[in-house]
Amino acid sequence: MIAQTKNAFGDSKQALLFLLPSLLLFAVFTFYPLFASIKLSLYNTDLMGQASTFAGFQHYVDMFSSPQFFQSLLVTLLFTLYTVIPGILLALFLACTVNRQLKGIAIFRTIFAFPLSIAVAGASMIFMMMFNPSSGICNYFLQLFHLQAVFWLSDPKWALISIAIINIWRSVGFNTIVLLSGLQTIPEQIYESARIDGAVSWRQFIDITLPLLSPTLFFVFIVSVINSLQTFGEINILTQGGPVDATNVIVYSIYREAFFNTNFSYASAESIILFFMILLLTLLEFRFLEKRVFYK
Amino acid sequence: MSTIEFKQISKVYADHTAVAPFDLTIADGEFLVLVGPSGCGKTTTLRMLSGLEMPSSGQIFIDGKEITHVEPKDRDIAMVFQNYALYPHMTVYENMAYALKLRKVDKKTIQTTVNKTAAMLDLQKLLDRYPRQLSGGQQQRVALGRAIVRKPKVFLMDEPLSNLDAKLRVQTRTELIQLHNRLNATIVYVTHDQIEAMTMGTRIVLMKDGIIQQIGTPMELYRKPTNRFVAGFIGMPPMQFLSGSIKKEADFIIFQGENCRLKLRGECQSSGDVYLGIRPENLKLSSKNQSSIIKGTVTVIENIGSEVIVHLTVGHEQLVAKIPAATEPPLQGDSVTVLPDEAPIHIFDKATEKTIARLYIAP
C-alpha cells in the first residue's frame, strides 16, 4: 500500500518533470500575460502602458456604453458568419469531392495544403492585386459578365466580405484536410449497407456522412470560429479597420486602442472580453466532443 | 419466394479474372453456399448479385426479371456483411427501421415489424442500445434483423459468422438453419469454411481462382467430388492423397505407390499415373487383407475423445487416419498397416487432377 502510494507519487513527479518545459513556456507566455491583462483592465495606465491608478470596472463600463465597441462586436460577428459557414461548406464540398479512389487524387490533396504554407502577408499582397479595382482579376471577370466593377477593399459594403474571402481561402486547405481525414474513418461497408437499404446519394450524405462526420465538423467549426475571431494580419495590411470602421473587428480595435490611442487598459478590457468569448467556445467544444467522439 | 439466375456472368479486373463466366440457377427457398479459399471469387459473385459490383459480362435475373444493371436498392435484396456494417450512430431500433423508413413505410407498421423481428431474434431488450454497446453476437443478430425486417426476395450473407468466437459460431449456425426453415427464404451465403457450407447449404458452389469447381448438394460434393481440389476441400480432416500408378490385372485394378499396394475392383478405363484419394474416416488399422497394404510410420497421435487422429508417413507422403477411440491407438514411431474400408476410393488423373474413377477395395 505504502509502496504503491510512493510509486504513484514518484510517477507524478516524473510526469511533472516531463511537463516542466511546456508548463514553463505557458507560464511565461500565456498565464503571465493573461493575468497582467486582467490587472491592466482594472487600472488606469500611463503612456508607457504601466498600471498607475486603480479604476475598478470603469473600463468595462465605458466599453459597454460605447457604440464603437458594439460596432466592433457586430463587425466581428458578421465576419465570423461570413467566414465560418461558407468556409466549412466549401471545405466539406471539396473534401467529399476528393474522397474518391481516383487517379491523381493525391496531387489535389497536396494542392489543398498550399494556402497553409503561404504567410498572411504574402496572401494579402496576392489578394490586394486581385482586388485592385482597375487592374485586378476579380473586376476583370465581373466585366466579362457585364457586371459593375466593385471597389473590393474601399467600399464599406464590400470590404468585410473581401477580407472574409481571403480568410476563407487561407483556411479552406486546413479544413478540407481535416474533414477528409474524418471522411476516411467512415467504413465503406456502411455506405454499401445504406445503398442496399435504399439510400440514394443525398440520403447517404444526410443520414450517414453528416452524423458520422459531426465530431470532425464540430472541431473544424470551433477552430474556424476562433481563427476568424483572431483575424488580424489581412485587416492590418489591407484596410486598417476601415473604410469607416467596416472591418474594425475586436482584435483590430484592441490593437488600435493600445498602440495608436495608448489606451492600454481599455484595450486590455476588450481583450478579456474576447478571451471569454473564445473560452466559452472551447468549453462548448469539449462538452460536445466528450459526448459524441466515441462512435465505433 | 424467388429464383435467381446467372447467365455467363463474369468479372474481369485490369490484370486478372476474378470470376470466369458461369451459369447458375438458384431455386426458390434454397440455401446456396458459395465456398472456396480466399480470392476464389465467391465474394465478388455475391457482390455482383447485390449490385455493389457490376459484372464485366453476362446477365443476372431475379424471378425472371433482369437486374444486371439495377441499383442495389431496387433489387429487393438484403445483405449481412462480415463486419455487420451497422450504423454506429443509430440505435438497434433505428438500424432495423432505417430501410423501412427509406421506403416510406408508415410508423405503425415499422414499429410492429421491428418489434416482431426483435422478438424473433431475442433483441427486445437491446432496441435502445447503440451498436458499440453490444457484443459481437448481438451485433450479428442486429445485422440479421436489419435484413429480415425488409422481407427481401433474397438474403445475401458475406461470411456473417467469421467474426464470432468458435462456440458462438456453432450456435449461430444452428440458428441460421432454423431461421432459413422458418422464413423459407432464398439465401445466398458466402464462406471459406467448409463445415459451414456442409451444415447449412442445401446446395454448395465450390470455387477456386474464379472458376466454379463443382455445384451440388453437400453429400454430392462429399461423395462424388469431380476433382482433387473439391475432394481435398470438403471434409475434416480433408481427403488424403497418395500418388502412384494404376494398371489392370485380370478383373482387378492394382494401385501401386510407395509402401503401398491396393487391389481394387470397379470400372476404370485408364491406367498410368494417378492420385488415389481416401477419406481419413475410411481408413482403419489392420493387417488382415493379404492382397492390399499401406505401410506407414506413426508421427503424431491426436486423441480428441470421440476419435483418434493418427498422422502417418507413408514413404515420402503424409497420410491421416481417423479411427474410433475405442480402438487401442498405436504409439508414436510405431510401424502400422492401414487399409481402406468399403467406402469408395477416388482416383484422380495426375495431370488434370480430374476424377477418373471411383473404386472399391477388393476382398
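The values are calculated or read from the model by the stated rules, or taken from the named source; none is laboratory data. Everything numeric here is computed off the predicted structure, so don't read it as measured data. Cβ placement follows ideal geometry from the backbone for every residue including glycine, while neighbour counts extend to all protein chains displayed.
A few points about this structure:
Quick grid of which residues meet (1) in contact with a helix residue (DSSP H, G or I) (Cβ under 9 Å, 6 or more places away or on another chain); (2) in a strand (DSSP E or B); (3) modelled with pLDDT of 90 or more:
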residue	(1), (2), (3)
A:10	no, no, no
A:15	no, no, no
A:20	no, no, yes
A:29	no, no, yes
A:83	yes, no, yes
A:90	yes, no, yes
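- In the stretch A:111-123, the residues that are surrounded by 10 or more Cβ atoms within 10 Å (Cβ to Cβ) and either assigned to a helix (DSSP H, G or I) or among the charged types (D, E, K, R) (or both): A:111, A:112, A:113, A:115, A:116, A:120, A:121, A:122, A:123
- Criterion: aliphatic (A, V, I, L, M) and within 15 Å of residue A:79 (Cβ to Cβ) - qualifying residue of A:210, A:284, A:217, A:238: A:238
- Test for residue B:112: is it more than 11 Å from chain A (Cβ to nearest Cβ) and touching a strand residue (DSSP E or B) at 6+ places or on another chain (Cβ under 9 Å): no
- Test: residue B:57 is over 25 Å from the mean Cα position of the chain (by Cα) and more than 14 Å from chain A (Cβ to nearest Cβ): yes
- Applying the set (1) surrounded by fewer than 22 Cβ atoms within 10 Å (Cβ to Cβ); (2) within 14 Å of another protein chain (Cβ to nearest Cβ) to residue B:84 leaves exactly one unmet item: (1).
- Complete set of residues in the stretch A:61-97 that are within 25 Å of the chain's Cα centre (by Cα), of a type in the set (Ser, Thr, Tyr) and within 16 Å of residue A:263 (Cβ to Cβ): A:72
- Out of B:308, B:320, sole residue that is part of a strand (DSSP E or B), in contact with a helix residue (DSSP H, G or I) (Cβ under 7 Å, 6 or more places away or on another chain) and surrounded by 13 or more Cβ atoms within 10 Å (Cβ to Cβ): B:320
- Only one of the numbered conditions (1) within 24 Å of residue B:191 (Cβ to Cβ); (2) within 13 Å of chain A (Cβ to nearest Cβ); (3) not basic (Lys, Arg) is not met by residue B:105, and that is (1).
- Strands (runs of 3 or more DSSP E) within the stretch B:23-100 that include 2 or more residues closer than 21 Å to residue B:180 by Cα: B:31-35, B:77-80
- Among the residues of the stretch B:140-192, just one is in contact with a Phe, Trp or Tyr (Cβ under 6 Å, 6 or more places away or on another chain), within 14 Å of chain A (Cβ to nearest Cβ) and either charged (D, E, K, R) or surrounded by fewer than 23 Cβ atoms within 10 Å (Cβ to Cβ) (or both), namely B:158.
- Residue A:237, sole failed condition from (1) out of contact with any helix residue (DSSP H, G or I) (no Cβ under 7 Å at 6 or more places or on another chain); (2) more than 14 Å from every other protein chain (Cβ to nearest Cβ): (1)
- Within the stretch B:25-53, the set of residues being within 26 Å of residue A:197 (Cβ to Cβ), away from chain A (no Cβ under 14 Å) and of a type outside the set (S, T, N, Q) comprises B:26, B:28, B:29, B:30, B:31, B:32, B:33, B:34, B:41, B:42.
- No other residue among B:195, B:211, B:204 is aliphatic (A, V, I, L, M), surrounded by fewer than 18 Cβ atoms within 10 Å (Cβ to Cβ) and under 18 Å from residue B:176 (Cβ atoms) apart from B:195.
- Considering the stretch A:137-243, the qualifying helices (runs of 4 or more DSSP H), each wholly inside and each with 2 or more residues that are buried (at least 18 other Cβ atoms within 10 Å of the Cβ), free of Cβ contacts under 8 Å to residues at least 12 places away in the same chain and on the phi < 0 side of the Ramachandran plot, run over A:188-197.
- Selected residue (only one of B:142, B:80 is assigned by the TED database to the domain that holds residue B:54 and in contact with a strand residue (DSSP E or B) (Cβ under 8 Å, 6 or more places away or on another chain)): B:80
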